[in-house]
1. Could you identify the single residue in Pro189, Pro238 that is part of a strand (DSSP E or B) and open to solvent by 30 Å² or more (accessible area, probe 1.4 Å)?
2. Taking segment 192-206 only, how many residues are in a loop (DSSP other than H, G, I, E, B), within 21 Å of Met73 (Cβ to Cβ) and not β-branched (Val, Ile, Thr)?
3. Of the conditions (1) in a loop (DSSP other than H, G, I, E, B); (2) without any contact (Cβ under 8 Å) to a residue 12 or more places away in the chain, Gln162 satisfies every one except a single condition; which number is it?
4. Given Val180, Val154, which one is in contact with a Cys (Cβ under 9 Å, 6 or more places away or on another chain), in a helix (DSSP H, G or I), modelled with pLDDT of 95 or more and not small (Gly, Ala, Ser)?
5. Within segment 109-129, which residues are more than 17 Å from Ser179 (Cα to Cα) and either surrounded by fewer than 16 Cβ atoms within 10 Å (Cβ to Cβ) or in contact with a Gly (Cβ under 9 Å, 6 or more places away or on another chain) (or both)?
6. Exactly one condition in (1) more than 21 Å from Val202 (Cβ to Cβ); (2) out of contact with any Asp or Glu (no Cβ under 9 Å at 6 or more places or on another chain); (3) of a type outside the set (Ser, Thr, Tyr) is not met by Val68; state its number.
7. If you go through segment 61-75, how many residues are modelled with pLDDT under 95 and aliphatic (A, V, I, L, M)?
8. Please find, among Tyr78, Tyr58, the residue that is out of contact with any Asp or Glu (no Cβ under 8 Å at 6 or more places or on another chain), within 29 Å of Lys245 (Cα to Cα), modelled with pLDDT of 90 or more and not polar (S, T, N, Q).
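The values are calculated or read from the model by the stated rules, or taken from the named source; none is laboratory data. What you see is a predicted model; the values in this text were computed from it and never measured. Methodologically, a virtual Cβ is constructed for each residue, glycine included, from the backbone with ideal geometry; neighbour enumeration extends over all protein chains shown. Ligands, DNA and RNA are excluded from the accessible area calculation, which covers all protein heavy atoms including side chains. Shrake-Rupley method; radii C 1.70, N 1.55, O 1.52, S 1.80 Å.
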Amino acid sequence: MLHLAAVEAETQSLSKEGLTNITNMAKLSPQASVVPSNGVVKLYAGKSYFENLNNGRYGQNVNGTCTVIAIQMLLGYYDNYICENYVATTYESGNGTSEAFHQLLNGYVYGDQPQGGIYIHDAAVGINAYLSARRITACLNPVYSTADAARERVFSLIKSGQPAVASMSTSLGGEVNHSVLVYGVQYDPDTVVSASQVKFIVHMGWGDSYNAYVTTGGWYYECGYLSHNDHSYGMWKPNGSATHKRVCPCGALQTEMHSKYWNSSTKKCSRCGYVGTISTITSVQHEK
């Protein structure tokens, strides 16, 4: 198999934004994972989800729309674990999202313009219009003032349990100009002094062999992440025998008592689906 750099000549021509689409994936081989030493730390945000997100559960990158595909995977993750409003049911595919959803997002991002490579901060305009149309208070925030700022933000996001999208460049040593979904970091805390030295573990959006690809933090120049001006709570879930809870991506938490929604005949909470015997408590934690 050829190295990524060896097939650069076979990629599509770069758009003015400098992102590209790989057209011959059969000739590519994954970069070898870094063998960790005893002091290496690995942190993840959604490891199981992204490592099992395979073909047919995100879009097909045939027009250099890797930025949109990376964002699509991010929205699919939030739809699964935070709030089902991120993606309409008709656009879901297993635990991911469909090619139809990819094309829907392309419509918001590109409008009547040709599809192709695009910066995250330019794509964010259309993505935030989509989120607004879904009545979701989240927005896609880009970080691109400096490459160091983008890398450090990705590093801090993963450490706080939040995945991100990011763009790499061959001008910074990357193997290809490409946008990816970052869900993990790997580093030695005794030697790392900046995010440029951290390994970013990413989903490349290229198929089943590229779901856990190890890259260098110094390759990246821009990132994007979801944030909330107002709370956007996920579904209510059981929280023991007394209460159920729901969580916002920012960390805010709401809880309620099962007794408010309890059906004594079925012994079931209609709010969260808890079944069994309930207990009572004297206080309930509210939004923080």
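1. Numbers: Pro189 fails: part of a strand (DSSP E or B).
Unique residue meeting the criteria: Pro238.
2. Qualifying residue count for the region: 3.
3. Of everything listed in (1) in a loop (DSSP other than H, G, I, E, B); (2) without any contact (Cβ under 8 Å) to a residue 12 or more places away in the chain, Gln162 misses just condition (2).
4. Details: Val180 fails: in a helix (DSSP H, G or I).
Of the residues listed, the single one that is in contact with a Cys (Cβ under 9 Å, 6 or more places away or on another chain), in a helix (DSSP H, G or I), modelled with pLDDT of 95 or more and not small (Gly, Ala, Ser) is Val154.
5. Those that are more than 17 Å from Ser179 (Cα to Cα) and either surrounded by fewer than 16 Cβ atoms within 10 Å (Cβ to Cβ) or in contact with a Gly (Cβ under 9 Å, 6 or more places away or on another chain) (or both): Gly111, Asp112, Gln113, Pro114, Ala129.
6. Result: Val68 fails condition (1) only.
7. Of the residues in segment 61-75, 1 are modelled with pLDDT under 95 and aliphatic (A, V, I, L, M).
8. Sole residue among the options that is out of contact with any Asp or Glu (no Cβ under 8 Å at 6 or more places or on another chain), within 29 Å of Lys245 (Cα to Cα), modelled with pLDDT of 90 or more and not polar (S, T, N, Q): Tyr78.
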